[in-house]
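Asker: First the structure, then my questions, so here it is.
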Amino acid sequence: MNWLGDHEAAWQPGLAIGKYSRMFVTSNDRMIAVDTNGDPLLLDLDDAVVADYEPVLAGTLDDVNYYGVRGEIIGSLQYQPLRPILIQTRSAQFVPVSAAMQVLDFLHEHQFCGQCGRPTTPSRSDRGRTCESCQLTQYPRISPCVIVLVTRGDELLLARAPRFVDGMYSTLAGFVEAGESAEHACHREIFEEVGVEISTPIYQGSQSWPFKHSLMLGYHAEWRLGDIKIDGNEIIDAQWFKIDNLPKLPPRASISRGMIDAFISERFNSQER
Ligand SMILES: [Zn+2]
């Protein structure tokens, strides 16, 4: 099921095996340079504009090696916040942009050892950074996060968080705690956020999501028990929505929307049969 735009089987993380090389330009506050169409700007590695910056390899897709640089804002370039750019970007660039941003975040946040505080250097054999002093190696951080579409017949349980754009409702999500399985996290998060119990969550697919270093694990679960009760902090509203009367939904590039669309088309198809 390739509805996420994030299942690029040809993507080679951490490898430069393409014929061509291109580079994204990002700023210290995670803005990304864009071209006149509003797409992520791609420069040649030897472009004079970024001569002072160190390119960091993200990986290869379709014969193009993608790199990223991060630094002070360059006055001659246009920058935009990452989230809206990534959400509307063509699917072919979703993975390279997301990967470059996460690798740059890792380098930025792991210049020093978390154990002894001395400077780290790139590991020779992999993507880690090693402390020569105490030998601790750290790797790009990936934080698993469950995102759950809860349904009850033809109804979807969707909620609003305070940070959402006006009127948008989405599926519920939360980080997996240490020692917890993803399925357990689904049961716990849904109960904590809306007071509802669910049946066994069924895995749908995953999506890398650089806000920050998240790996979204998508699940679908049927409602089992309980009425909606929200805490008013993390979630400011949650409702059951009929499939033919839905609110403003998340953008198409998101796994949340992918799961919602897949569920709706399945229900409509089953009604027509
Ligand atoms: Zn150390």
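The values are calculated or read from the model by the stated rules, or taken from the named source; none is laboratory data. Note that the structure is a prediction, hence the values are computed from the model and not measured. Don't worry about glycine lacking a Cβ; one is built from the backbone with ideal geometry, like all the others, and counts go over all protein chains shown. Remember, those area values only see protein heavy atoms, side chains included, never the ligands or the DNA or RNA. Shrake-Rupley method; radii C 1.70, N 1.55, O 1.52, S 1.80 Å.
Asker: Rounded to the nearest angstrom and ordered from largest down, what semi-axes does the equivalent ellipsoid of the chain get from its C-alpha gyration tensor (root of 5λ)? It would help to have the intermediate numbers written out before the result.
Answerer: Values: eigenvalues 273, 101, 59 Å².
That gives 37, 22, 17 Å for the three semi-axes.
Asker: Can you compute the radius of gyration and Dmax for segment 143-272, using only the Cα atoms, both in Å?
Answerer: Rg then Dmax for segment 143-272, in Å: 13.7, 44.
Asker: Leaving ligands, DNA and RNA out of it, rank Y79, Y203 by accessible area with a 1.4 Å probe, largest first. The partial results should precede the final answer.
Answerer: Values: Y79 25, Y203 115 Å².
In descending accessible area the options line up as Y203, Y79.
Asker: Which lysines have a Cα lying under 29 Å from the Cα of K242, excluding residues fewer than 8 positions away in the same chain?
Answerer: K229
Asker: Kindly provide the trypsin sites (Lys or Arg not before Pro) of segment 205-241 that DSSP labels as loop, not H, G, I, E or B, and whose Cβ sees at most 16 other Cβ atoms within 10 Å.
Answerer: Numbers: sites: K212, R224, K229; in loops: K212, K229.
Qualifying residues, ordered by number: K212, K229.
Asker: Please give the Cα centre distance for segment 33-80 versus segment 140-167, rounded to the nearest Å.
Answerer: Centre-to-centre distance over Cα atoms comes out at 32 Å.
Asker: Using the alpha carbons of segment 35-157, what is the convex hull volume per residue in cubic angstrom, as a whole number? Provide the component values of the computation, followed by the final result.
Answerer: Numbers: hull volume 23.2 nm³, N = 123.
Enclosed volume per residue, from the Cα hull, is 189 Å³.
Asker: Let me ask something additional. Need one number: % antiparallel among DSSP beta bridges in the chain, to the nearest 5.
Answerer: On the way: 42 of 60 bridges.
Counting DSSP beta bridges with both partners in the chain, the antiparallel share is about 70 percent.
Asker: Using the heavy atoms of the protein chains alone and a 1.4 angstrom probe, what is the accessible area of the chain per residue in square angstrom?
Answerer: Values: 14080 Å² over 273 residues.
Here the per-residue accessible area is 52 Å².
Asker: For the Cα atoms of the chain, what angle does the longest principal axis make with the long axis of helix 182-194, in degrees from 0 to 90, nearest 10?
Answerer: 60
Asker: Return one number: the angle in degrees, 0 to 90 and rounded to the nearest 10, between the long axis of the Cα atoms of helix 255-272 and the longest principal axis of the Cα atoms of the chain.
Answerer: 40
Asker: Once the mean 1/r over all distinct Cα pairs of segment 113-170 is inverted, what Kirkwood radius in angstroms do you read off? Mind showing how you got there, number by number?
Answerer: Details: mean 1/r = 0.0643 Å⁻¹.
15.6 Å is the Kirkwood radius here.
Asker: Once you wrap a convex hull around the alpha carbon atoms of segment 169-229, what is its projected area averaged over all directions, in nm²?
Answerer: Values: hull surface 18.3 nm².
Mean shadow area of the hull around the Cα atoms is 4.6 nm².
Asker: Calculate how many DSSP beta bridges within segment 143-272 are antiparallel, expressed in % of all such bridges and rounded to the nearest 5. Let's see the in-between values first.
Answerer: Working: 23 of 33 bridges.
Bridges in segment 143-272 are about 70 percent antiparallel.
Asker: For the pair E109 and Y139, how long in nm is the line joining their label points, each one 7 Å along Cα→Cβ?
Answerer: Label-label distance for E109 and Y139, simple model: 1.6 nm.
Asker: Amide H of C113 versus every other amide H placed in the peptide plane: which residues, excluding those fewer than 5 positions away on the same chain, fall under 5 Å?
Answerer: Under 5 Å from the amide H of C113: R118, T120.
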